[in-house]
Each structure stands twice: as structure tokens, then as C-alpha cells.
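Q: Got a structure for you, written out below as C-alpha cells; questions coming shortly.
The values are calculated or read from the model by the stated rules, or taken from the named source; none is laboratory data. What you see is a predicted model, and the numbers here were worked out from it, not measured in a lab. Cβ placement follows ideal geometry from the backbone for every residue including glycine, while neighbour counts extend to all protein chains displayed. Calculation scope for accessible area: heavy atoms of the full protein, side chains included, ligands and nucleic acids excluded. Shrake-Rupley method; radii C 1.70, N 1.55, O 1.52, S 1.80 Å.
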Amino acid sequence: MEDIIQKTSKEEIKPPVVSVGVIGWIKANLFNGWFNSALTIVTLFFLWETVLPFFRWAFIDSVWNTTGQVCRDAGGACWSVISSNFRFILFGFYPYDLQWRPLLAMIILFVLLFFSQNRKLWKKPLAYAWIAGLFIMGLLLRGGLFGLDPVESTQWGGLPLTLLLSVFGLTAAYPLGVVLALGRQSKMRAVKTLCIVYIELIRGVPLISLLFMSSIIFPLLLPEGVTINKILRAQVAIILFTAAYIAEVVRGGLQGMSRGQYEAAESIGLNYYQTMRLVILPQALKIVIPPTVSQLISAFKDTSLVVIIALYDLLKTTQTVLSNPEWMGFSREAYVFVGILYFLGCFSMSNYSRKLEKELSRGN
Amino acid sequence: MKNTVSEKVPFWLDPKKRAILFQFITLCMVGLLGYYLVSNTLHNLEKQSIATGFGFIHQESSFEIGESLIDYSAASSYGRALIVGALNTLYVSFIGIFITVTLGTFMGVARLSTNWLVSRLAAIYIEVMQNIPVLLQLFFWYAIFYETLPSPRHALHPIAGVFLCNRGVAFTVPKTHPAHAYMAIAFLAGCIIVYLVRRWSKKRQERTGQLFPVFRVSVGILLGLPLLTWWMAGAPTELNMPKLVGFNFIGGLNLSPEFIALLLGLVLYTAAFVAEAVRAGIQSVSKGQTEAAMSLGLRPPTVLNLVILPQALRVIIPPLTSQMLNLTKNSSLAVAIGFPDFVSVANTTINQTGQAVEGVALIMLVYLFFSLLTSAFMNWYNKKMALVER
Amino acid sequence: MDTESSVTTEQTLSDEAIIEIIDMHKWFGDFHVLQGINLTVHKQERIVICGPSGSGKSTLIRCINRLEEHQRGRIVVDGIELTNNIKNIEKVRTEVGMVFQHFNLFPHLSIIENLTLGPIWVRKVPKKEAEENAMYYLEKVHIAEQARKYPGQLSGGQQQRVAIARSLCMNPKVMLFDEPTSALDPEMIKEVLDVMIDLAREGMTMIVVSHEMGFAKSVAHRVLFMDFGQIVEGNTPHEFFENPQHDRTKLFLSQILH
């Protein structure tokens, strides 16, 4: 049989020009085949018709820092509605000179979030930092101690309120959700049934109904004379709602645990609580970090619903600005601005979640 | 061997008895809490002279509802009002689900397209729509109507027969004609015929191996029979065109801004999640499956139908069903823009009768009903479709 | 590998070429994965291709049934040239069977449905005939009793045998094997190799990418060594293992035969 030996010295043969470089990329990605080429052309046309006018409206013809009247005369987007009402949109009715306090609270939150990104820092000191941080944030908003003027919760609003509802909501809902998930897995019939009823009930109804319930019915549940403030009512509703969803997420993690883990813990002699606390939960909760972050994103978006029960979160403060005669009619600009804020928050969280998922699946 | 049968174990050390005790205590606590809350509520209601019970269902509602699928007036009962609301919810949800599945599937497939431009645009759509709260999107579309669109006098006229203004959208529709009923019957008959043709062609293929162009024939029948009926009924072409009368459009199909804003917001938001589910489903089928099928000589459409879709759908259907449920639940946000869905009507009822407990309970019951129905379906589907493994 | 199962390779092969690859080049972007491949495969010939990972061996056989597209040179299978012509590609695919490293059985179909899919939809065979054909091949690979089961219920070795039967149901003229035993647990490798040896005995033209050198020694007409996208060396098994000509071949052999 003959050999099939290649010439050892041969000129470097280059791939055909139309397959590499910029031209190659364009051909392969935009114009390979007549269908794709047609698609590219149609899409470019569509972009030309829609995106270009939008850019003109948003940037070229737009007005940035004027009064409402000038805006009406101009043709493009009126971003002045944002720039002139910036502080009200962000902070609501919080006293003007004291607005550095919610600002500081938000900065503390962002710093904590920033450091929590790095999984290597997930140890006891970070947990304590969070507890201290949450306490300080609450204190900054409320005042009354350490020489800070007290500010009634009826005056809290804007972005701090949205963040407050989401962060406290998730923080309180998480342990409750874990307990519910454990209860649902329990062998004790009564406990299991109670948990299933709660979870399925809450997951089956829209959040709006829980918010209605909290704002209208909670006062009825309490004995005469006892009132709880509006924000607390909404917060409780959000906590109860999120807990049910967290419970399902955690249940997924618990179901992913192999029997062997339970058996190993049992054979060492650990009781139920120790098994859960030391062996099962640390692993199960780690597995479900991505869907948990997903829940945080949902909680953040869902806080916007408190508009309907007239709490002055970010969305409602924006609507209040729009009901001012001077700024009426610029809803598009205002909503786009708020949309961008929400988008930045949610997008960075979901990006983080995707990154985390990759890290975890690679086996940390 | 010494008889080591049960030394009496005190009941607080016996795990079974402890479990029973624990459950007993838990139930007692829950029961007590429930009793406490209920008695407070009854007491407070009495103090405020609010009635209890569902008697209000028969009372006159004395409020109008903007859009209704059935007859309704302010003289109708609250019960009827609630039914109108429920029908509106179902109406919006059905149409919304239909459009969402179509748009979502399209976007999911586009996301996987080899065309860079198309796939990037789809990705942008998905990311943006998923990360902005649905309520904000609803407000945005509603604002487009009452702020951006012109008054009926200066309505936009993008295509012949369609008018856009701040009172809603008016479409030209064919004028109602008895032929339409016959066409509907023809279509149903067509469906039955198509079903029979498919069964016959499958048997024929099993017997002789020959393929029958089922798809083309089905399309032909489903389109052709109604068309034939239309022609035989005299080919009526009269159109019901919306005309500007005074300040409004009369005639044609009129959709209110509330309805359109609700539909747009719900559909655009939910379709983004459906797109992700579709994408994940298609990607879950490993490349090796396509390669093995192609190596056998199967053509791409056959590969899609027999190998990829069956596997992809197993992964797509469960999250798709929960998105459908989410859309139905999110339709409750209609209360924020004034579309009279069930929550909206129930809210008005609560405001007028003061019976918050009954009202909220009704809302929860109705949505619970939808959810449980959907869960039951998903469980049934998952059991049926589970891949057989060791 | 016991010598009893070695198949005679001294028989004169027909001169008829069933596959001709002439100066074939392929690039993945800028990466020149296959550099000037020239290969002629005769009817009933059995070739084993070995080489380090990344040498292009899998890519080479995947070009033969057009799972990969070559950019330069010619590939002719049973007189049909592989170009962008869809009809030619489909024809070639019905004549060339492929067995994958990860089996790629269709998990939502039963074993017998996996086997009848191709004949029913490509060769337009009636169902009964397709099933009889399928049972014939299932018996050949000694797995007839699992016909109604699903892939998820079988072991790796069983699945690979089913995969071989699935390709055989299309009555191919050439069988390509892409590392058929690499994903199997050791105790299951023999059952698959035995099936491949039976196939060889019956005169099937086979191109096998594999590291199973015992199989190569007892069954192959030629063993080819590939490295960096080129066929470095090719010879009868005896010559190949006893007298490797090139340093790269010697290095590779020393690494895998120890």
C-alpha cells in the first residue's frame, strides 16, 4: 500500500478571501443564502423607518433644561421634565433639605450590593455588614435618633421607597420561604398541608389582590385602635407574596439533593435541625442562587404595583409630576426615564445572575 | 438473649408521638390566630356598619362599565357586573395568549437565527422587555394614546381603512352577512376533513410507504372551503367602514385605548419570556440529534417535525404554560388604566358596598380557579410526555 | 484482541474506488483544519484513522457525509460529487452511514421507531417492511429483545449497537465510525467492537476513527495517521505498527501503545 505523505514544505495556503476577515464575517452573518440576505435588507429598512426618527426625537430635536412652555414649543423630546423635577421624582415628599439621608442610605445599599457580588466575600463579616447596613439605612430614613430629625413614613417616597420595599421584602421573605419549603417537604401531614395550601394560594393569585387585601383588610384584622402605617402594610404583602415564590425555588434545590446526604448526616447522629442547617441547606441554597436572584429581580419590578394603592414609589412620584399642569403631556419622556432606571437595575442583576450560573456550573 | 422488648419510652422522646404533638400544637396556634383575626374583623365590620355575606350580588350596581361583551347597564346587579368583568378578563387573556405565543415563538426563533442583525435585535427586544415592569409598560402605551395620538378629527390613517386616534383604533371589517355563518361552518367542516385526510394519509404511508402532501392539501382545504362558500353565497364584498360622526368614529370595529394599551403591554412583556422559553427548548436538543437525523438522509422539514420539535416542545410547554398564567394574572393590572376587567369591577364594587373581605375573596377565588386549572394541565402534560428512562 | 476474530485482509480488494478525496482543504475561520487531503477508498476496504486530538480526523470523515463543508478540493462518493447541490448531498447521505461517539439515538422514540425512521421517510418503505428490516438488523447486533424499549432504558453499549443497526437499516455502501467506543465504559467496548468485526466479515466498506489499536490490527486494510490536518502516514497494520516511517507517527505510537 502506498503511503500518502504530504509534501513537508508547502506554501502557506490561505483560505478563500470571501470566508475570512470583515467581508467573511458580513457574508457569513448577514448575507449567507438568499433568505438571510432578504431578511437583512428588510430589517435594515425597518430600522431606518423606526429607529432613526426615534433618535431625532430623543436627541437631536430634544430640549434638556428649560421650562414647560419652551418644551411645548419645541418639537422633540422634552427631557426638562426630568431635569427640573429630578429630586421630586427620586425622593418624593421627603423634606428637601434632609434628602441627603435617603441618598446616603441608597449609597450604602449600592456599596453593600457591590461587595456582595464577589462570592469569595460571602462570609460572616459580610452578613454582619448587611445587618448593620440595613439598620443604618432604616435609621437614616426614619430619623429620631442621634440628632437626626424624625421623618414620618408617610413622607418616604421615590427610589428609596422602591429599594426599601424590594430589599426588605426579599430579606424577610427569604427565611420565611425556606421554612415553607422545608415544611412542604415535611413528613408531618398537617404541616405539609398547611404549607402547600399557603404556597399554592399565594402563587395562584395576582399580587394586586394581595396589595388590596393588605391595604383594605389588614386594618380590619387588627383590634380597635391599632393601626399600621401604609408602607408596612404593603411591605407585609410583598413579603408574604415573595416568600411563596422563594419557597418553590428552594424546594427545587431541596429536591436536587441526593438521599445520600440525608443518610450521611443521619449516620453521624445529627438531628433534623442540625442536618438542615449544617448539611442540606448550605448545598441546596447554593444550587438555587440563580433562580433566587431572578426572584429579586421580580420583586424589584413588582414594587411598582404599589402605585395602585397610592404609595409614592418611583412610578407614582413620576405620575405626580405629570399631573402638574406645567408638565402635562410629557408622559413618554418621563416613563422612558423611569424605564431606563428600572432597566439598569434589573439588567445588571440578571447579568450578574448569568455570570453566577456559569461560575457555579463550572464547579466554582 | 435477654428480652429487650420496649422499655417504655416516654412520649416526649418517641419521634412519632413528638410529630403528632408538634402538629397538634401548630394546628392549635393557627386555629387560634385565625379565630383572633376573624373575631376582630367581624367586630370592626359591625362597628363600621358594613354588611357581611354575599347578598350584595343581587343589589343594583348603579355604575356603568365602559366595555362589555354582554348586555349590561347601571340597573343590572353587582353579580352581573362581576360576570362582565370576568368575561373581559377572559377575553383579553385569550387574545393576549394567542398573540403572545405567536410573537414569542417568532422572537425565540429569531434569537437563534444565523443572521447576526436579526438575532441581535431579538436579543435587545427580549432584554429590554423583560427588565421593565409590566405596569410601567402599560402606562407608557396608555400615555401614547391620550397624549401622542391626535383627536378623531385628525386621526392617523396608516393603512386604508384603519384609523388611529386618541379615542382608540377603528378597523374596517366586512359587513355582517349570512354568508359569514356559512363560512364558519365551512371552516369547521374543513377542520374535520383535514383531520380525516391526515389519518388516511398516515395509514396509507404505513401500508405503502408513499408520502402524501398533507400540509399543502390541509392548507388548501382550510382556505378553500370557506372561500368557496363565500363565492357561492354571492361573494359579498361590502365593508363596514368607520366614519367620523361628530367627535367619534361610528361603525367598523372599535377598540378602546384601554383595551389596546392593556393588550400591547401584556403581549410585549410576556412574549419576551416566551421567547426565552422557546429558545431554551430549541437549544436543549443537542446538535448530535440533528446530525444523526441528517446522516440518515432526512430532509430539514422532516428533521424538524419528527426529531427536534417533539423534544423541544417537552422543554418548552411547562414554562410556556406558566407564562400564560402570568399573563392572565397580570391582566389584573387593568385596574390601573381603567379597563374594566374582573379586578377593576370588583374594586368598584368594594368601594361602593364597603364589603372588602368578600370582594377580595372573590378576586382570589377566581384567579385561584385559573391557576389550579393550569397546574392540573401542566401536571397531566408532564406525566404524559416524560421521556421513558431506567 | 484474539487472532480468531481477525478478518482476512490479504484478499485482493477490487480496484473500484468508492470514495475519492482530491486535494481537499478545510478552514474553520482562519484555522486550516484539513490541509490537502488525498485519499482513495476502495470497495470493501477497511481503514482506521488515528491521531492526536485536534488533528482533524473527525472533521475528515464528517466531510464525507457533508456534516462539514469543505472549501477547496473535491470529494466524490460512489460517483456523486459533494457540492452545494442538495440533491447530491441527500443521495450521498443515504449511501453513507454514520455512527457517532455519543450514539445520538432519538430519546423520544422507541428502539424500533429509531430504526424505521430513515427507511419510512427517506426510502419511502411501508411500515411493515421497515419493521421487518429493523428486526433483522436488531438481531444482527444481538439486541432484538429490546425493540420496544426506549434509549433511556439501555446501557451505553446497547445504545451504540442500536445506533449501528440504525445506520445499517438504510443499506449504506460505506459506514463511517467517529470514535464509536470512546464514550463507553470498558466492559461494553468489546460488545460494540464484536459487532463491527461481524460487519467487516460481511464485506462492508468501513472508515473508523478510533484508538482501539487491537481492532485496527485485526481488521483494517490500512491504518492512517493524521496530525495537524494532514495524513502523515498510511500503511498496512503490520507495516504501520512495526515500521512507522515518520517521527510524528513514532511519537504518537509510543504514547498510546505502552
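Q: Do we find that B:Thr237 is open to solvent by 30 Å² or more (accessible area, probe 1.4 Å) and within 14 Å of chain C (Cβ to nearest Cβ) in this structure?
A: Numbers: open to solvent by 30 Å² or more (accessible area, probe 1.4 Å): yes; within 14 Å of chain C (Cβ to nearest Cβ): no.
No.
Q: Could you check segment A:225-279 and list, in sequence order, the residues that are touching a residue at least 24 places away in the same chain (Cβ under 8 Å) and part of a loop (DSSP other than H, G, I, E, B)?
A: A:Asn229, A:Gly256, A:Met257, listed by residue number.
Q: Can you go through A:Thr193, A:Thr162 and tell me which one is open to solvent by 50 Å² or more (accessible area, probe 1.4 Å), within 13 Å of chain B (Cβ to nearest Cβ) and modelled with pLDDT of 90 or more?
A: A:Thr193
Q: Being in contact (Cβ under 8 Å) with a residue 40 or more places away in the chain, closer than 15 Å to B:Phe249 by Cα, more than 14 Å from every other protein chain (Cβ to nearest Cβ) and of a type outside the set (Ser, Thr, Tyr) is the filter here, so list the residues in segment B:127-186 that pass it.
A: B:Pro152, B:Arg153, B:Ala155, B:Gly161, B:Phe163, B:Cys165, B:Arg167, B:Gly168, B:Val169, B:Ala170, B:Phe171, B:Val173
Q: Need at least 1 residues that are acidic (Asp, Glu), over 30 Å from C:Asp30 (Cα atoms) and open to solvent by 20 Å² or more (accessible area, probe 1.4 Å) per element, so show me which helices (runs of 4 or more DSSP H) inside segment C:202-258 make the cut, counting only ones lying wholly within it.
A: Answer list for segment C:202-258: C:237-242.
Q: Ok, one more. Please determine, by comparing only the residues of segment B:368-390 that are at the interface with another protein chain (Cβ under 7 Å from one of its Cβ atoms) and over 22 Å from C:Leu105 (Cβ atoms), which one is most open to solvent (accessible area, probe 1.4 Å).
A: B:Leu372
Q: Sticking with this structure for a sec: Which residue is most open to solvent (accessible area, probe 1.4 Å), if the candidates are limited to segment A:320-364 and must be hydroxyl-bearing (Ser, Thr, Tyr) and more than 9 Å from chain B (Cβ to nearest Cβ)?
A: Only one residue fits best here, namely A:Ser361.
Q: Looking at segment B:9-54 only, could you name the residues that are within 27 Å of A:Leu221 (Cα to Cα) and either touching a residue at least 24 places away in the same chain (Cβ under 8 Å) or not in a helix (DSSP H, G or I) (or both)?
A: Passing the criteria: B:Thr41, B:Leu45, B:Gln48, B:Ser49, B:Ile50, B:Ala51, B:Thr52, B:Gly53, B:Phe54.
Q: Name the helices (runs of 4 or more DSSP H) wholly within segment A:9-117 that hold at least 1 residues that are within 14 Å of chain B (Cβ to nearest Cβ) and open to solvent by 30 Å² or more (accessible area, probe 1.4 Å)?
A: A:21-30, A:33-55, A:68-73
Q: Go through segment C:121-131 and report how many residues are open to solvent by less than 40 Å² (accessible area, probe 1.4 Å) and within 13 Å of C:Asn171 (Cα to Cα).
A: The qualifying residues number 3.
Q: Name the residue that is nearest to the chain's Cα centre (by Cα), counting only residues in segment B:258-290 that are assigned to a helix (DSSP H, G or I) and of a type in the set (Ser, Thr, Tyr). Explain how you work it out, then say what you get.
A: Filtering segment B:258-290 for residues assigned to a helix (DSSP H, G or I) gives B:258-284, B:287-290.
Now restrict to residues that are of a type in the set (Ser, Thr, Tyr): B:269-270, B:284, B:290.
On the way: B:Tyr269: 13, B:Thr270: 10, B:Ser284: 25, B:Thr290: 33 Å.
Ranking the qualifying residues of segment B:258-290, first place goes to B:Thr270.
Q: A follow-up question, please. Scan segment C:74-83 and tell me whether some residue there is out of contact with any helix residue (DSSP H, G or I) (no Cβ under 8 Å at 6 or more places or on another chain), of a type outside the set (Val, Ile, Thr) and away from chain B (no Cβ under 13 Å).
A: Checked against the condition, which is being out of contact with any helix residue (DSSP H, G or I) (no Cβ under 8 Å at 6 or more places or on another chain), of a type outside the set (Val, Ile, Thr) and away from chain B (no Cβ under 13 Å), segment C:74-83 yields at least one hit.
Q: While we're on this one: Of all the residues that make up segment C:39-51, how many are in a strand (DSSP E or B) and touching a residue at least 24 places away in the same chain (Cβ under 8 Å)?
A: Going through segment C:39-51 one residue at a time, the tally reaches 8.
Q: Within segment C:71-97, which residues are closer than 22 Å to C:Gln44 by Cβ, open to solvent by less than 40 Å² (accessible area, probe 1.4 Å) and not in a loop (DSSP other than H, G, I, E, B)?
A: Hits for segment C:71-97 are C:Ile75, C:Val76, C:Val77, C:Ile80, C:Val92, C:Arg93, C:Thr94, C:Glu95, C:Val96, C:Gly97.
Q: Can you list the helices (runs of 4 or more DSSP H) lying wholly within segment B:291-390 that have 3 or more residues being among the charged types (D, E, K, R) and over 30 Å from C:Glu95 (Cβ atoms)?
A: B:356-385
Q: Can you confirm whether A:Lys355 is farther than 28 Å from B:Tyr146 by Cα and assigned to a helix (DSSP H, G or I)?
A: yes
Q: Going through segment C:98-116 one residue at a time, which ones are assigned to a strand (DSSP E or B) and at the interface with chain B (Cβ under 7 Å from one of its Cβ atoms)?
A: C:Met98
Q: Looking at the structure I just gave you, is A:Leu176 away from chain B (no Cβ under 11 Å), in a helix (DSSP H, G or I) and open to solvent by 30 Å² or more (accessible area, probe 1.4 Å)? Before the answer, list the steps.
A: Numbers: away from chain B (no Cβ under 11 Å): yes; in a helix (DSSP H, G or I): yes; open to solvent by 30 Å² or more (accessible area, probe 1.4 Å): yes.
So A:Leu176 fits the description; yes.
Q: Can you tell me which residues in segment A:299-319 are farther than 14 Å from B:Leu136 by Cβ and either open to solvent by less than 40 Å² (accessible area, probe 1.4 Å) or among the aliphatic types (A, V, I, L, M) (or both)?
A: The answer is A:Ala299, A:Ile309, A:Ala310, A:Leu311.
Q: With respect to the numbered conditions (1) in a loop (DSSP other than H, G, I, E, B); (2) closer than 24 Å to B:Arg167 by Cβ; (3) touching a residue at least 40 places away in the same chain (Cβ under 8 Å), which one is the sole condition not fulfilled by B:Ile99?
A: Status for B:Ile99: all satisfied but (1).
Q: Right, something else. Confirm whether C:Leu193 is under 14 Å from the mean Cα position of the chain (by Cα), part of a helix (DSSP H, G or I) and buried (at least 16 other Cβ atoms within 10 Å of the Cβ).
A: Answer is yes for this residue.
Q: Any residue in segment C:19-38 that's free of Cβ contacts under 8 Å to residues at least 24 places away in the same chain: show its pairings with residues that are among the β-branched types (Val, Ile, Thr) and assigned to a loop (DSSP other than H, G, I, E, B) at Cβ separation under 6 Å, as long as the two are six or more apart or on different chains.
A: Between residues of segment C:19-38 that are free of Cβ contacts under 8 Å to residues at least 24 places away in the same chain and residues that are among the β-branched types (Val, Ile, Thr) and assigned to a loop (DSSP other than H, G, I, E, B), the close pairs are C:Asp30/A:Val20.
Q: Which one of these does A:Gly329 not meet: (1) within 18 Å of B:Ala143 (Cβ to Cβ); (2) part of a helix (DSSP H, G or I)?
A: (2)
Q: List pairs: first in segment B:278-292 and more than 13 Å from every other protein chain (Cβ to nearest Cβ), second not in a helix (DSSP H, G or I), Cβ under 7 Å, 6+ apart or cross-chain?
A: Close Cβ pairs satisfying both conditions: B:Arg279/B:Leu112; B:Ile282/B:Leu112.
Q: Scan segment B:250-257 and give yes if some residue there is within 30 Å of B:Ile126 (Cβ to Cβ) and part of a helix (DSSP H, G or I), otherwise no.
A: Yes, because at least one residue in segment B:250-257 is within 30 Å of B:Ile126 (Cβ to Cβ) and part of a helix (DSSP H, G or I).
Q: Looking at (1) outside any helix (DSSP H, G or I); (2) more than 30 Å from A:Met276 (Cα to Cα), which one does A:Ile217 not meet, given that it meets all the others?
A: (1)
Q: Here is a further query. How many residues does segment C:132-162 hold that are at the interface with chain B (Cβ under 10 Å from one of its Cβ atoms) and either open to solvent by 20 Å² or more (accessible area, probe 1.4 Å) or more than 27 Å from C:Met188 (Cα to Cα) (or both)?
A: Of the residues in segment C:132-162, the ones at the interface with chain B (Cβ under 10 Å from one of its Cβ atoms) are C:149-155.
Next cut, either open to solvent by 20 Å² or more (accessible area, probe 1.4 Å) or more than 27 Å from C:Met188 (Cα to Cα) (or both) only: C:149-150, C:152-153, C:155.
Qualifying residue count, segment C:132-162: 5.
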